[in-house]
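These notes are about the structure you will find just below.
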Amino acid sequence: MDGITCFSGATIIVGTDFEVIQNASVNVENGRILSIGEPIPGAVEVDLESGLICPMFINAHCHIGDTGAKELGIGIPMEEVVSPPDGLKHRFLSKLNREDQIAQMRHGLLEMLSNGTIACGDFREQGLEGVLRLREAANGLPIYLKILGRVCETATESELELEAIELLNTADGFGVRDVDCYSAALLKRLQLLFPEKLFAVHVAENEQAEAKSVKKFGRGQALRALDWNPDILVHLTHTSKRELREIKASGVNVVACPQSNSILGDGFPNLKGWLDEDLTFGLGTDNLMATAPNMLREMSYTSRMIRGISKNAGAVDSKTILMAATIMGAKVLNLEKDLGSLSRGKLANFLVFDLNSRNLKYNHDPISALVNRAGVNDIKTIYIKGVKYK
């Protein structure tokens with residue numbers, strides 16, 4: 001049948017409930033999924049026998065600008081590494097010329113694609129120029145970006161507002177470094193001017209900062225951020241269980257970055273507590289200088305961290321973690337209409353894992369195998385809009 005391709009014979013993780021079906025087909029037309037299940041007679045057939053078809057990953061929080069600073073600052077406290085204007089990262093960025101940084105960021109985006117990531121949410125430093133550099137770095141690449149820019153934190157409020165308005169006319173949203181960086185009044189005004197943009201903020205990443213917030217204001221950073229109704233809260237590494245309930249009630253989306261929190265010495269997010277409060281979340285790899293933008297590694301680490309800290313092997317199921325790296329990340333970034341799961345009408349962006357690889361052969365649970373065992377070398381093929389990418 002003209003225009004239809006049938007990817008057949010595979011095990012497929014289907015729909016938003018991530019049901020596993022075996023020996024089935026994904027039928028694709030014009031880059032979108034037409035149906036999943038039985039092959040369509042007369043379609044061009046691609047035999048994926050022994051393949052496991054999984055939606056591509058969504059990296060819900062990262063800093064692509066750090067690509068050229070890999071391993072810079074490992075072993076140094078987080079505040080000395082990432083806090084402007086004199087943090088190690090910012091000193092590094094200030095010395096980069098435009099062409100070198102664009103080349104480095106393009107390398108980071110290509111690294112994500114090769115690891116199976118189709119979309120990411122980036123906190124972009126360097127104001128409007130930083131946003132423009134990342135746009136140029138992504139030119140021609142089949143990756144979906146949500147660029148959340150930021151502006152100088154030391155200017156007057158009127159200067160900040162003018163700079164932010166100029167930035168938001170180009171960026172996909174606003175990425176706030178810390179709850180104390182800008183006034184709630186300013187952020188509310190910007191949200192009224194740009195209701196379609198995403199507003200996100202780092203909260204409770206650092207134990208000392210969270211303790212200071214509670215002592216001074218009687219509330220943690222996450223609850224204070226809710227005063228201006230952000231779309232996304234990132235980290236919540238030290239948010240109390242009591243405050244998690246209020247965050248759940250607010251309906252705000254949240255993102256965890258366990259590997260980054262760990263290697264920067266900030267601790268472990270209480271993801272078991274999040275799950276107890278039915279707080280669904282996306283996963284992000286955060287700073288490329290500290291962690292690889294590899295969602296397979298992020299899932300594996302998250303799975304082990306939750307079970308190990310809670311001392312409960314059944315504290316989380318693998319499906320929840322896979323969803324955090326796919327459909328929940330898509331929800332966080334407002335991309336779930338097209339990405340994050342394999343469903344009729346969505347873009348045919350998927351990974352084919354080789355179930356006969358030395359690593360995955362003989363597994364008894366394909367979702368657990370993806371979360372707890374699979375590596376990039378187990379990815380046999382990547383299809384983007386139904387066309388082979390790798």
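Give a residue-ordered list of calculated ³J(HN,Hα) values for segment 148-154 (Karplus: 6.51 cos²θ - 1.76 cosθ + 1.60, θ = phi - 60°; whole Hz; x for Gly, Pro).
So the J values, rounded to whole Hz, are 9, x, 9, 10, 3, 9, 10.
Calculate the length of the line joining the C-alpha centroid of segment 228-246 to that of segment 141-170, in whole Å.
23 Å
Taking the dipole about the Cα centre of segment 57-332, with the C-beta of Lys and Arg at +1 and of Asp and Glu at -1, give me whichever of LEU109, ALA292, LEU96 is farthest to the positive side.
Ranked along the dipole, the leading option is ALA292.
Tabulate in residue order the Karplus-calculated ³J(HN,Hα) for segment 136-144, using 6.51 cos²θ - 1.76 cosθ + 1.60 with θ = phi - 60°, rounded to whole Hz; enter x for Gly and Pro.
Along segment 136-144, the couplings run 5, 4, 8, 4, x, 8, x, 10, 9 Hz.
As I understand it, the dipole of segment 57-332 uses +1 on the Cβ of Lys and Arg and -1 on the Cβ of Asp and Glu, about the Cα centre. Which of ILE147, GLY130, ALA325 lies farthest toward its positive end?
Looking along the dipole axis, the top candidate is ALA325.
What is the set of long-range amide H partners of PHE199 at a cut-off below 5 Å, with H atoms built 1.01 Å from backbone N?
PHE174, ASP231, ILE232
With a/c under 1.5 counting as rounded, go ahead and sort segment 289-390 into rounded, prolate or oblate using the C-alpha gyration tensor (a ≥ b ≥ c being the square roots of the eigenvalues; past the cut-off, prolate if a/b is larger than b/c, else oblate).
It comes out oblate by the Cα gyration axes.
Applying the Karplus parametrisation 6.51 cos²θ - 1.76 cosθ + 1.60 with θ = phi - 60° to the phi angles of segment 205-212, what ³J(HN,Hα) value in whole Hz is obtained for each residue in order, glycine and proline being reported as x?
Running phi through 6.51 cos²θ - 1.76 cosθ + 1.60 with θ = phi - 60° gives 6, 10, 4, 5, 5, 5, 4, 5 Hz.
Could you work out [θ]222 nm for the chain from helices alone, using -39500 (n - 2.57) per DSSP H run of at least four and dividing by all its residues? Round to the nearest 500 deg cm²/dmol.
-10000 deg cm²/dmol
Just how far, in whole angstrom, is segment 270-306 from segment 311-353 if you go by their alpha carbon centroids?
13 Å
Counting other Cβ atoms within 10 Å, keep those with at most 16, restrict to DSSP loop, and tell me which GluC sites (Glu not before Pro) in segment 1-109 are left.
For GluC sites (Glu not before Pro) across segment 1-109 that sit outside H, G, I, E and B with at most 16 neighbouring Cβ atoms in 10 Å, the list reads GLU49, GLU71.
Past the 18 Å Cα-Cα mark, which pairs from LYS337/LYS385; LYS188/LYS248; LYS241/LYS272; LYS146/LYS337; LYS272/LYS311? Working shown, then result.
Working: LYS337/LYS385 14 Å; LYS188/LYS248 21 Å; LYS241/LYS272 10 Å; LYS146/LYS337 15 Å; LYS272/LYS311 11 Å.
Checking Cα-Cα distances, LYS188/LYS248 exceed 18 Å.
What aspartates and glutamates could a cross-link reach from LYS388, if we take a straight Cα to Cα line under 19 Å and drop same-chain neighbours fewer than 8 places away?
Hits, sequence-local ones excluded: ASP2, GLU29, GLU45, ASP47, GLU49, GLU111, ASP338, ASP354, ASP378.
Using just the C-alpha positions of the chain as equal point scatterers, what log10 of I(q)/I(0) does the Debye formula give at each q in 0.10, 0.12, 0.14 1/Å?
One equal scatterer on each Cα of the chain leads to -0.64, -0.92, -1.21.
Please identify every one of the GluC sites (Glu not before Pro) in segment 108-213 that sits in a loop by DSSP and has no more than 16 other beta carbons within 10 Å of its own beta carbon.
Numbers: sites: GLU111, GLU125, GLU129, GLU136, GLU153, GLU157, GLU159, GLU161, GLU163, GLU166, GLU196, GLU205, GLU207, GLU210; in loops: GLU125, GLU153, GLU196, GLU205.
Those that pass, being in a loop and sparsely packed, are GLU153, GLU196.
Once amide H atoms are placed 1.01 Å from N in the peptide plane, what residues at a sequence separation of 5 or more from THR381, or on another chain, have their amide H within under 5 Å of its amide H?
When sequence neighbours closer than 5 places are left aside, the close amide H contacts are VAL352.
A short reminder: the numbers here are calculations on the coordinates, not readings from a lab. What you see is a predicted model, and the numbers here were worked out from it, not measured in a lab. Cβ sites come from the backbone with ideal geometry, for glycine too, and all protein chains shown count toward neighbours.
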